[in-house]
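Novice: Let me begin by handing over the structure; questions about it come next.
Read-outs throughout are calculated quantities, based only on the coordinates presented, and are distinct from any laboratory measurement. Note that the structure is predicted; figures quoted are calculated from it, not measured. Cβ placement follows ideal geometry from the backbone for every residue including glycine, while neighbour counts extend to all protein chains displayed.
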Amino acid sequence: MTEPFEFEFFVRGLIAATMVGALAGMMGVYIVLRRMSYIGHGLSHAIFGGAVVSFIMSINFYVGASIWGFLSAVLIQWTSRRRSISSDAAIGIITTASFALGIALISRAQTFTRSFEAALFGNILGVTGSDLVAIALVTGVVLIAVIVGYKYLLFATFDTEVAASYGVPVRWVDTVFALVLAGTVVVSMQVLGVTMIAAALIVPPIVARQFTGSFTRMMVLSPLIGASAGAIGIYLSWFIDVSSGASVVLVASGFFVVSIAYASVRDRLLAARGRAGAA
Amino acid sequence: MVQIRGLAAGYHGDRVIDDVSLGIMRNDFAALLGPSGSGKTTVLRAIVGAADVYAGDVLFKGESVRKSRPRIGYVPQLEAIDWNFPVTVEQVVLMGATRNAPLFPWFRRKDRLRAGQVLERLGLDGLASRQIRELSGGQQQRVFLGRALVSEPEILLLDEPTAGVDIKTRDDILHLLDELNHQGIAILMSTHEINAVAAHLPRVICMNGRILADGTPRDVLTPSVLEATYGANMPVTEYRGMTLVAETPHRFGAAARNRGSSGNGYPETGHRHGDKGHLHEEVVGEARACD
């Protein structure tokens, strides 16, 4: 059972997956409550295009992909403010265009094939010390942003239309949110892969929501669920020999099934108690 | 307190209101009446800086609201609220205190005490930890009124505060607003409840893209003003000193118009004190010319 811990790359991967799980779980609360579930999926695809461009221009992956992701997120927000374009359409257009650009560049140069698969499905073997530093930095920044901006983020998420009239700088909040979301997706790519990031962002907050009706408790529970899914998923991936991203998401999905079953039983018991009280 | 001067406003380039000029004084308690799409909400949103302004300006104590964020308590229509959002009654009310200490990341003890006082004032003190979905319609309306009050506003703007609540709750809300008004808070609300406005509010503003009439219910709620506002024939009568606006039941049709002698094609109704059921049906029915 402890065999994988003898390998340094596994320990690095485990730490990375745990941090990424917590980070995605934390950001996911806002994404789900803002009803932007599709943005994680879209942004990860957009950033894939940025990653390829960074590689071609010999720019550091984290710098290039973060700038690309941030610009994509801001562009999505700007486009969706136009009444004639809904936010899901804006996400669809901008992110698929960016993803297609990445694919087009890759198809021009066949040497990208191996990195391409790792970026799509996650590769725990590729987690380096600098990846861990980047993940820790982004996690720290997001944690500080969430704590410092607590009341602004809560108001802007709950009632965007009205928040500005109560002194919430909504556009600034949205811009900072786009920035930290881009950072989250970029550092998650190595561990989870483009195709799995959306699930890591969405599943933990939804599981947390089944257990609590409090925003504050959800903000604590969701990162814990994400971190647990990350750690357990990576550990299991060693034994079942599947990609790290898929393993993490399957564990998170298992949590989701358990949470739904729990909520269903709880609701039935409450309904039965209500009927007994009425009788 | 609030001066609206020649305001043209709307959204994304579409003008909803044009050439609106209006003054709200300290201690005013006024209602905006008009059909759906007449610009009531846009007037309120322009005052809080949430609508696009194409001409004119809104001044709060002489300063443009576009340059400053004055202390205005805004209660929006509640139909856009996500009632499944995991927030408690206290958390929603505390949101109103966001700008009290802008650099402090959490709500202060002082803000929590103030929120507690407001909840008690609104009769919600036992519900502070409840999730907002668990409340009745009237309680939900009061929670958002509480959020506005925690911001210690000098003026309250309410967008259809009595929509979707029963008649008792509607009266409770209007009495509560009246009390707040007597404590020195100016109130401007939009509504479709013509007769409730006539019974409770001292000032009525009829509009349809622009201001059509402004004054006391007795002065403003006349058939000609209502026809200009709603584009429909709406008989007006007096009952025990109150101005009442009637519906025209379909069953009256041409026969009723032939029989009527009120001058507006509607049967005389104002003197049928002995026939309460009939009176209610013909006169007291709410004028639901809007959505």
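Novice: 5 Å is the cut-off here: which amide hydrogens, built 1.01 Å from N in the peptide plane, fall below it relative to B:Y54, excluding neighbours closer than 5 in sequence?
Specialist: Amide H neighbours of B:Y54: B:A8, B:A9, B:G10.
Novice: Running a GNM on chain A with Cα contacts under 10 Å, which residue among A:I197, A:I15, A:I106 ends up with the highest mean-square fluctuation?
Specialist: Between A:I197, A:I15, A:I106, it is A:I106 that shows the largest mean-square fluctuation.
Novice: Sticking with this structure for a sec: With springs only between Cα atoms under 10 Å, which of A:T96, A:T139, A:T184 fluctuates most in a Gaussian network model of chain A?
Specialist: Checking each option, the largest mean-square fluctuation is seen for A:T96.
Novice: Still on this structure: With springs only between Cα atoms under 10 Å, which of A:V191, A:V148, A:V248 fluctuates most in a Gaussian network model of chain A?
Specialist: Judging by the Gaussian network model, the answer is A:V148.
Novice: In peptide B:75-83, how many Cβ atoms from other protein chains are near each Cβ within 10 Å, on average?
Specialist: For peptide B:75-83, the averaged partner shielding equals 2.
Novice: Which of the aspartates and glutamates could be linked to B:K67 by a straight reach, that is with a Cα gap under 19 Å, when you skip same-chain ones fewer than 8 residues away?
Specialist: Reachable aspartates and glutamates: A:E161, B:D52, B:D57, B:E154.
Novice: Let me ask something else about it. Helix-only mean residue ellipticity at 222 nm, chain A, DSSP H runs n ≥ 4 weighted -39,500 (n - 2.57), per residue, nearest 500. What is it?
Specialist: So the helix-based figure for chain A works out to -28500 deg cm²/dmol.
Novice: Something else now. Can you figure out the FRET efficiency of A:A89 with B:Y11, using R₀ = 22 Å and their beta-carbon distance, to the nearest 0.05?
Specialist: Computed FRET efficiency for A:A89 and B:Y11 comes out at 0.70.
Novice: Within a Cβ distance under 15 Å of A:F10, other residues only, what is the Lys/Arg minus Asp/Glu net charge?
Specialist: So the environment of A:F10 carries a net charge of -4.
Novice: Which helices count as membrane-span-like in chain A under these terms: full DSSP H, at least 24 Å along the axis by C-alpha, Kyte-Doolittle mean of 1.0 or more?
Specialist: Span-like helices here: A:8-33, A:37-56, A:61-80, A:87-108, A:129-148, A:170-192, A:194-211, A:215-240.
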